[in-house]
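These notes concern the structure reproduced below.
The values are calculated or read from the model by the stated rules, or taken from the named source; none is laboratory data. A quick note: this is a predicted structure, and the numbers were derived from the prediction, not measured. In this analysis, Cβ positions are derived from the backbone assuming ideal geometry, glycine residues included, and neighbour counts consider all displayed protein chains.
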Amino acid sequence: MEINRKKMSYLNIKNVIKNYNNEDNIIKNLSLKVEKGEFLVIVGPSGCGKSTLLRMIAGLEDINSGEIEINGKIINNVPPADRNIAMVFQNYALYPHMNVEKNLSYGLKNRKIPKAEIATRVKDISKLLQIEDLLKRKPSELSGGQRQRVAMGRAIIREPKIFLFDEPLSNLDAKLRTQMRIEIRKLHDKLKITSVYVTHDQIEAMTLADRIVVLNSGIIEQVGTPDEIYHEPQSLFVSKFMGTPPMNIFKSKVYDNVANLFGKEMKLDRNINDNEVYIGIRPEDIYLEPIENSIKIEINIDMVEKLGSESLIYANIDNHNFIVKTNEKINKSLKSLYVYIKNEKMYLFSAKDEKLIKKQ
Amino acid sequence: MKKVQFNNKFIPYLFVSPQIIIILVFFIWPSIMAIYYSFVMQDAFGVSTQFVWFQNYKDALLNSDYYSSFGFTLIFSTLVTFFSLGTGLFLAHKTNSMIKSRGIYRTLLMWPYALAPAVVGLMASFFFNQSHGDVYHFLNQLGWKFDPTSDPFSAQAMLVFIASWKQVSVNFIFFLSGLQGIPKSVLEASFIDCKSNSKRFWTIIFPLLAPTTFFLFITNITYSFFDTFGMIDTTTRGTPMGETKTLAYKIYQDGFLGADIGGSSAQSVILMLFVLIITIFQFKYLEKKVHY
Ligand SMILES: Nc1ncnc2c1ncn2[C@@H]1O[C@H](COP(=O)(O)OP(=O)(O)OP(=O)(O)O)[C@@H](O)[C@H]1O
Ligand SMILES: [Mg+2]
């Protein structure tokens, strides 16, 4: 019973279609369920419709067809202020003429919450986000990180049922971004508010998410935990999109389950019905020492990048780019290298529909 | 920004000299002349000139005409500023919320701006004319005994109306561009925080327009003080019973029609001081509140 209730979907998006000005559909018949208390991250390349989807949940954008439910109630025609959602915008969207305190309390005042309670909440939230000393300042007198905190505060203070984030960290520098990312996750673990977080930064997605949705031109490519998305990408698109450095991909002809990799024949451990596949190998799955059941390939090194504990080798074979990630010490002046790749570490995708060919 | 350094101390002055000359010839010199004339008395032909200290000021300030003109100017400029700002803001807000044909409205509403105040006055004298003015008859049919030639209130109302009408288009354009300068995401955030349209307007949009409103407030007051001169001259000419005389128009009448150069100069100087004080006050107290 308990498990059942936990798994109840809280936000339910059903067959939603969206276009602007009757042009091509931006969101194409999309269905998605978000569970109560879940942190869901939507990733995808620029222009794939992430913000559009989020703004439809917020009510800032109309839906052409389909339904959005929150807690079992269809909210298609409910105005944004009545949806019990809060949104954190990419450029923070703080009210420039109000000081931090007023920015925080504005939404509460409009909801006729008693003054005393507003004051307590402002106090609690500003303590939680460490912005107590900034309450009397205007947004223009804050740093980017501080504005970010205030924007978070303005969303949290409403105690919404759903949190919507639209790339909230993309205007921060790398260090602050990492720090805020950790804080957002900590905050979520504390408050357990259902969250939908949009980003095109896959590291953010991997570290923050309970589940990740990979969106590609208005269509969901895959939904899964960060581990599933990384280790079991269901399509070529997902495999290319997730992972830094990205997966190495080659096209290969297949005959009788034997592929041809740069002149070397390799018996595949999967049944291939096509005569062509995409072969994907993650940079960290390439070995520099001989191992069993592998084939040996010579690569020409273009550049070696040392990242401290590990190195990235940028190389090419027959003009195909090839990236290797290794923990071993590499001599920077090295011109070429033998590497070993194993069939079982390979991802195979059909050349026709670009879907994963599963292992038996 | 890099500062340009001149070796010769005078070159910078040379560059700004055209501005300085214009200001000297067209602003400073007339002001000085006005101050000079305000202290002297001349006979009607300008033959003899006599220095009279503050006699002209005394005459002006002791004259009850002066106060009724002063009162009319205050009420007139307050009403014109209020109506033209209000209407301009209303139209800009409506136009800004439109998705289609915004451009057409913008263009059409811009047109009155191209008219000179005197032309607006001429047009008004046709519309409000007793013998063939449509507005005249319309207002009388409504039951208002509207007659700008004999009833001071009618004349004042007419002037307030046409002076506001003329200024609406400028205010409209400035407000529209001010509205378009409000970031979309700030508006969206307010949609989530506030359900009521009117409350959102007064708590978010209007305060964010404050710099525009402040600027327009000052220009509208100045406009109703001085630029309405041509309108008055082509419509009421201060009639009936001198009840539609703004200070600027009274100065003109006293000086050029009444040939009282000293008296009208004294009034000019008082008006100058008055406007100066208003402007300083506005910048000092209001401007602090409008910037964020
Ligand atoms: N108001 C609009 N009118 C017309 N087209 C729009 C509008 N807003 C977005 N689009 C289009 O819809 C598509 C999806 O836009 P959206 O903003 O959802 O992308 P996104 O995934 O958030 O991208 P990014 O990562 O760059 O923010 C884009 O092709 C965009 O040009
Ligand atoms: Mg976006």
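Taking the listed residues B:Trp165, B:Trp202, the one that is of a type in the set (Phe, Trp, Tyr) and touching a residue at least 40 places away in the same chain (Cβ under 8 Å) is B:Trp165, with no other qualifying. Of the residues in segment B:185-202, at least one is outside any loop (DSSP other than H, G, I, E, B), of a type in the set (Val, Ile, Thr), within 14 Å of chain A (Cβ to nearest Cβ) and over 20 Å from B:Ala124 (Cα atoms). For segment A:293-325, filtering for residues that are touching a strand residue (DSSP E or B) at 6+ places or on another chain (Cβ under 8 Å) and touching a residue at least 40 places away in the same chain (Cβ under 8 Å) leaves 15. Candidates in segment A:36-59 are the residues that are more than 14 Å from every other protein chain (Cβ to nearest Cβ) and hydrophobic (A, V, I, L, M, F, W, C); of these, the one that is surrounded by the most Cβ atoms within 10 Å (Cβ to Cβ) is A:Leu53. Filtered by the rule that a residue be within 16 Å of A:His231 (Cα to Cα) and among the β-branched types (Val, Ile, Thr), segment A:339-360 gives a lone residue, A:Ile357. Scanning segment A:25-58 for residues that are outside any strand (DSSP E or B) and more than 9 Å from ligand 1 (Cβ to nearest atom), we see that the one that is farthest from A:Asp189 (Cα to Cα) is A:Met56. Listed by first and then second residue, the pairs with beta-carbon distance under 7 Å, at least 6 apart or on different chains, first residue in segment B:93-119 and loosely packed, with under 10 Cβ neighbours inside 10 Å, second in a helix (DSSP H, G or I), are B:Trp111/B:Ser169. What's the total number of residues in segment A:85-131 that are farther than 23 Å from A:Tyr197 by Cβ and either aliphatic (A, V, I, L, M) or within 16 Å of ligand 1 (Cβ to nearest atom) (or both)? Residues in segment A:85-131 being farther than 23 Å from A:Tyr197 by Cβ and either aliphatic (A, V, I, L, M) or within 16 Å of ligand 1 (Cβ to nearest atom) (or both): 8 in total. Put simply, of A:Thr244, A:Thr207, A:Thr199, A:Thr225 the only residue that is in contact (Cβ under 8 Å) with a residue 24 or more places away in the chain, more than 16 Å from ligand 1 (Cβ to nearest atom) and either within 29 Å of A:Arg158 (Cα to Cα) or touching an Asp or Glu at 6+ places or on another chain (Cβ under 8 Å) (or both) is A:Thr207.
Among helices (runs of 4 or more DSSP H) entirely within segment B:22-119, having at least 1 residues that are within 16 Å of the chain's Cα centre (by Cα), within 18 Å of B:Leu179 (Cα to Cα) and of a type in the set (Val, Ile, Thr) singles out B:64-97. Among the residues of segment B:193-242 satisfying the criterion of being surrounded by fewer than 18 Cβ atoms within 10 Å (Cβ to Cβ) and of a type in the set (D, E, K, R), which is farthest from B:Leu276 (Cα to Cα)? Filtering segment B:193-242 for residues that are surrounded by fewer than 18 Cβ atoms within 10 Å (Cβ to Cβ) and of a type in the set (D, E, K, R), the one farthest from B:Leu276 (Cα to Cα) comes out as B:Lys195. Within segment B:120-139, being among the hydroxyl-bearing types (Ser, Thr, Tyr) and assigned to a helix (DSSP H, G or I) holds for B:Ser125, B:Tyr136. Scanning segment A:221-240 finds no residues that are surrounded by fewer than 22 Cβ atoms within 10 Å (Cβ to Cβ), more than 14 Å from every other protein chain (Cβ to nearest Cβ) and within 16 Å of ligand 2 (Cβ to nearest atom). Between B:Ser185, B:Ser169, B:Ser190, B:Ser164, which is buried (at least 21 other Cβ atoms within 10 Å of the Cβ) and closer than 14 Å to A:Pro96 by Cβ? The conditions single out B:Ser190.
If you check B:Ala210 against the conditions, is it out of contact with any Gly (no Cβ under 7 Å at 6 or more places or on another chain) and over 19 Å from B:Ala124 (Cβ atoms)? Yes: the conditions hold for B:Ala210. Only one entry in A:Ala86, A:Ala81 is away from ligand 2 (no atom under 16 Å from the Cβ), part of a helix (DSSP H, G or I) and within 8 Å of another protein chain (Cβ to nearest Cβ), namely A:Ala81. Taken together, A:Asp82, A:Asp62 contain a single residue that is more than 16 Å from ligand 1 (Cβ to nearest atom), surrounded by fewer than 19 Cβ atoms within 10 Å (Cβ to Cβ), of a type outside the set (Ser, Thr, Tyr) and over 21 Å from A:Pro168 (Cβ atoms), which is A:Asp82. Taking only segment A:179-206 into account, find how many residues are of a type in the set (S, T, N, Q) and either at pLDDT below 90 or within 13 Å of ligand 2 (Cβ to nearest atom) (or both). Here the count works out to 3. Residue count for segment A:94-104 under the criterion of being part of a helix (DSSP H, G or I) and either facing chain B (nearest Cβ under 8 Å) or crowded, with 22+ Cβ neighbours inside 10 Å (or both): the result is 3.
In this structure, A:Asn91 does not satisfy being of a type in the set (S, T, N, Q), more than 16 Å from ligand 2 (Cβ to nearest atom) and either buried (at least 19 other Cβ atoms within 10 Å of the Cβ) or not in a helix (DSSP H, G or I) (or both).
Table: residues versus (1) among the polar types (S, T, N, Q); (2) over 28 Å from A:Phe241 (Cα atoms); (3) free of Cβ contacts under 8 Å to residues at least 12 places away in the same chain; (4) in contact with a Leu (Cβ under 9 Å, 6 or more places away or on another chain).
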{"position": "A:Asn19", "(1), (2), (3), (4)": "yes, no, no, no"}
{"position": "A:Glu69", "(1), (2), (3), (4)": "no, yes, no, yes"}
{"position": "A:Ala86", "(1), (2), (3), (4)": "no, yes, no, yes"}
{"position": "A:Asn99", "(1), (2), (3), (4)": "yes, yes, no, yes"}
{"position": "A:Ser105", "(1), (2), (3), (4)": "yes, yes, no, no"}
